[in-house]
Amino acid sequence: MSDCFDIAIIGAGPAGMSAAITASAGGASVIVLDEKARAGGQIYRNVTASPLPSPEVLGPDYMKGRQLIEAFDNCAAEKLYQASVWHVGDNGEILFSYNNETRRLAAKEIIVTCGAMERPFPIPGWHLPGVMSAGSAQVMLKAEGIVRDDAIFVGTGPLLYQIVAQYIDLGVPVRALIDTTPWSSYASSARYTLDAATKPGMVVKGLGLLGKIAKAGIPVYRAATGLAIAGEGKATSIRFESGGKNYQLKADHFFLHQGVIPNLNMSRALGLELEWSEQQLCWKPKLDTWGQSSVPSVAVAGDGSGIVGADGAAAMGDIVALNKLFRLEKISEQERNQRATPSQRTLDSLNSFRRFIDHLYRPIDECRIPQQEDTVVCRCEERTLADLKQGFELGGKGPNDLKGMTRCGMGPCQGRQCGHTVSELLAQWRNQPVADVGYYRLRSPMKLLSLTEMSAFSEITPRPVYEDAMADKEAV
Ligand SMILES: Cc1cc2nc3c(=O)[nH]c(=O)nc-3n(C[C@H](O)[C@H](O)[C@H](O)COP(=O)(O)OP(=O)(O)OC[C@H]3O[C@@H](n4cnc5c(N)ncnc54)[C@H](O)[C@@H]3O)c2cc1C
């Protein structure tokens, strides 16, 4: 029996689940690791164990996750939940925390499907208690059934409107929606109307969300600029300008959102080459059409590869898994190409639609690049724009030098929250493209872990059942 898995998949969201279904059906020994207690990822979080009496209220796009999770549960891949991966070597070694211990396994091929995170939204006061991302508000809702009455939602993007619509459907009062989409984006995205037309159902869905918000009578402030949250010890109000007027609104909870970007910590710690996407204003791993990264055994699928959405993530998981089966010599090149065609078509049309979305909801500069000296950039180490400017003037010209000089990016999130802001700030100060500035270098462990976990160590190898199944298959 081999002590090495054919394929290890990190993340059990739509991309990871779909990859596992395809890869295990193709006869590969597959293990899937996810730090959460169950499969689903961000979009389908807890859909099979919702704390809500009627989870249907969160919409059909949420409920359809049950089908994928059922297929995933029934596939032959080994599944390990509450397994938090903190090291992946280019030799196929994976180390992760499980049950307060360190576990190790090895795999010939690795598929990283660690998903997305929300883009940092570094405005004055975004670090105050009472302020959180809109996605985190949705996590509270899906995971614990917790909501906040009379919150103010701020930002742009389909996910923001979807969460507001979910609040409306649940009957939770919303104080206001402050929309930062500039009027100019409606005009500039018009040239991508043909791309939008590839997915009329999604256009109708988007218009439906906006219509629901309008009908609910929630005050909506459009093309807002000059945002600043204020409060002593906790957030109590937000100031902004909209339609030529200045406003100050009071609330106890502010939910911010400026779209999602790939979760890069795993890709960076693995040393994968990254590239800057001007369309999505984010770093993403450099991949070929099969999701293969600059490290031959490692592929990336789903939102961690660049934002593709849940259906795109599932399609990409299938494509990447078929290529892994080809690399493992379990299918021919011709079979791979043939079987991947439907998923590639799905992905292509979703990517066309995304071009329209990316242009319409492109976050404005002042919502990505802090303007005021006392705005916190690194919330873990409480480093402000002024601290970073000083570090830059003292010689911190690149992200890693600046990190060394200021500790910005050295906290528990390992730069996840400030990495993009730092790259964009340096690009502005150096008057160079972001692509030339680069991103933080990361090293393992990429997650917080205790000394107890490091000292308790054991190995995980494939279950003999794979060997048996393969022997049975060969006998037939
Ligand atoms: C907060 C948030 C909420 C969202 N809500 C919606 C929504 O309601 N509707 C919608 O259409 N889109 C939503 N999205 C976008 C959505 O995430 C995706 O389009 C879709 O879920 C992407 O699928 P994926 O498989 O690429 O990643 P994900 O679904 O994010 O799955 C990634 C998985 O990787 C696991 N993981 C990450 N790091 C590790 C590690 N080190 N060790 C082990 N496991 C790890 C995570 O636990 C997670 O389960 C949301 C995004 C965010 C950030």
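The values are calculated or read from the model by the stated rules, or taken from the named source; none is laboratory data. Keep in mind that what you see is a predicted model, and the values were worked out from it rather than measured. Note that we place each Cβ from the backbone using ideal geometry, even for glycine, and neighbour counts take in every protein chain shown.
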For segment 403-449, what are the residues that are free of Cβ contacts under 8 Å to residues at least 12 places away in the same chain and either within 23 Å of Gly89 (Cα to Cα) or in a helix (DSSP H, G or I) (or both)? Gly404, Ala427, Asp436
Condition check for Leu270: over 15 Å from the mean Cα position of the chain (by Cα), farther than 18 Å from Thr156 by Cβ, within 13 Å of the ligand (Cβ to nearest atom) and in contact (Cβ under 8 Å) with a residue 12 or more places away in the chain: yes
Filter segment 312-365 down to residues that are touching a residue at least 12 places away in the same chain (Cβ under 8 Å) and of a type in the set (Lys, Arg) and give me whichever is farthest from Val295 (Cα to Cα). Arg362
Selected residue (criterion: surrounded by the fewest Cβ atoms within 10 Å (Cβ to Cβ)) from residues of segment 273-299 that are of a type in the set (Gly, Ala, Ser) and within 13 Å of the ligand (Cβ to nearest atom): Gly291
Report, by residue number, each residue of segment 238-266 that is surrounded by fewer than 19 Cβ atoms within 10 Å (Cβ to Cβ) and assigned to a strand (DSSP E or B). Arg239, Glu241, Ser242, Lys245, Asn246, Tyr247, Gln248, Leu249, Lys250
Any idea which of (1) modelled with pLDDT of 95 or more; (2) more than 8 Å from the ligand (Cβ to nearest atom); (3) of a type in the set (D, E, K, R); (4) in a loop (DSSP other than H, G, I, E, B) is the one Glu70 doesn't satisfy? (4)
Given the options Ala25, Ala8, Ala19, name the one that is modelled with pLDDT of 95 or more and more than 12 Å from the ligand (Cβ to nearest atom). Ala25
Quick one: what pairs do we get from segment 35-58, first residue closer than 19 Å to Ile146 by Cβ and hydroxyl-bearing (Ser, Thr, Tyr), second modelled with pLDDT of 95 or more and within 11 Å of the ligand (Cβ to nearest atom), C-beta under 6 Å, 6+ apart or different chains? Tyr44/Gly65
Being touching a residue at least 24 places away in the same chain (Cβ under 8 Å) and β-branched (Val, Ile, Thr) narrows Ile146, Ile152 down to just Ile152
Among the candidates Gly317, Gly302, Gly396, Gly309, single out the residue that is buried (at least 19 other Cβ atoms within 10 Å of the Cβ) and more than 14 Å from the ligand (Cβ to nearest atom). Gly396
Condition check: assigned by TED's automatic domain parsing to the domain that holds Gly92 and either buried (at least 23 other Cβ atoms within 10 Å of the Cβ) or out of contact with any Gly (no Cβ under 9 Å at 6 or more places or on another chain) (or both). Does Leu350 satisfy that? no
Odd one out for Ser54 among (1) at pLDDT 95 or above; (2) away from the ligand (no atom under 15 Å from the Cβ); (3) of a type outside the set (D, E, K, R): (1)
Tell me yes or no: at least one residue of segment 25-35 is in a helix (DSSP H, G or I), out of contact with any helix residue (DSSP H, G or I) (no Cβ under 6 Å at 6 or more places or on another chain) and either buried (at least 17 other Cβ atoms within 10 Å of the Cβ) or on the phi > 0 side of the Ramachandran plot (or both). no
